[in-house]
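To start, the structure under review is shown below, and the notes come after it.
Where a number appears in this text, it was derived from the coordinates with a stated rule and is not lab data. No experiment lies behind these values; they were computed from the predicted model shown. Using ideal geometry, Cβ is built from the backbone for each residue, glycine included, and neighbour counts are taken over all protein chains shown.
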Amino acid sequence: MDNQTMRHRLIPCLLFALAAHASVAAEAPPDPLGSVQWARYYDAYFSDGPVTFDPRVRVFAPERAEDSMQVPVTVDARELGDVREMVVLADYNPIPLVLRFKPQRAQPFISFRIKLQQTSPIRVAARTAGGTWHVGGMWVDAAGGGCTLPSEASSKPDWTARLGEIYGRLWPDDGNRQPLRVRMMHPMDTGLADQIPRFHIEDLVLRDADGSELWSMQVYEPVSENPVFGFDLHGADLTAGPLELNGRDNNANRFLARFAP
């Protein structure tokens, strides 16, 4: 095949690829939160499937944060049904990605606390079995500085003595919910404070006594120091024995805890 023939075949392919990319970008729906970052995040995280803004993805947080280092957030997508993955973003944080949660045999419900650098939308996208991203969110007014301030642990010489301690409680199923609450001792440093390196939990997995995963989660720097997570295990069979939580941070420290059902 000569060079001219090759060029003739490549040019239509390139034009088709560019047109396809432009078509995908043009399909991003208008953002009801009015964030200038929405198109960027659509391309980065959600362009692999249809996206719809859905009131069934409910985000609960204070309209005005009292403490930018510890902003409580609860996400509830249980009305959607078969949720495969949930992605949490803080649009105007220097590190926007907060966590990725795969409910598996748990309910698509999670509570946590985050650091907010400035007033920002907190956005949650829940991907259902058909591949559609259902998006919800709200604005939170914050004074700022949450991501660039040092953790409290970084100023204490003995903080390593409690690193990785885990406290948890599993409540009985009341027919509607079965809450699990977990607290982990970790500084969750973003790496944005002067001379304090990035140091945060990266992965958490909860398994039943048979070793089957109930949920898994990727955790990122904006999650608050000494994170507290809340889950709903309603509907999961927990009769085989204790649950096991395994974790790992970006310094290869590993964590383990067991909770009795």
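Computed per residue of the chain from DSSP H runs no shorter than four, each worth -39500 (n - 2.57), the mean residue ellipticity at 222 nm is -3500 deg cm²/dmol. Annotation for the range 237-261 versus the range 168-214: alpha-carbon center distance of 9 Å. Arranged from fewest to most other beta-carbon atoms within 10 Å of their beta carbon, LEU170, LEU206 become LEU170, LEU206.
Against the chain, whose longest principal axis is taken from its Cα atoms, helix 3-26 shows a tilt of about 50°. Projected over all directions and averaged, the alpha-carbon convex hull of the range 34-259 occupies 12.6 nm². Looking at the chain alone, DSSP beta bridges between its own residues are antiparallel in about 95 percent of cases.
Packing-based ranking of 209-218, 107-116 yields 107-116, 209-218, ordered from highest to lowest mean Cβ neighbour count within 10 Å. Placing a pseudo-label 7 Å from each Cα along the Cα-to-Cβ vector at THR239 and ARG198 gives an inter-label distance of 4.5 nm.
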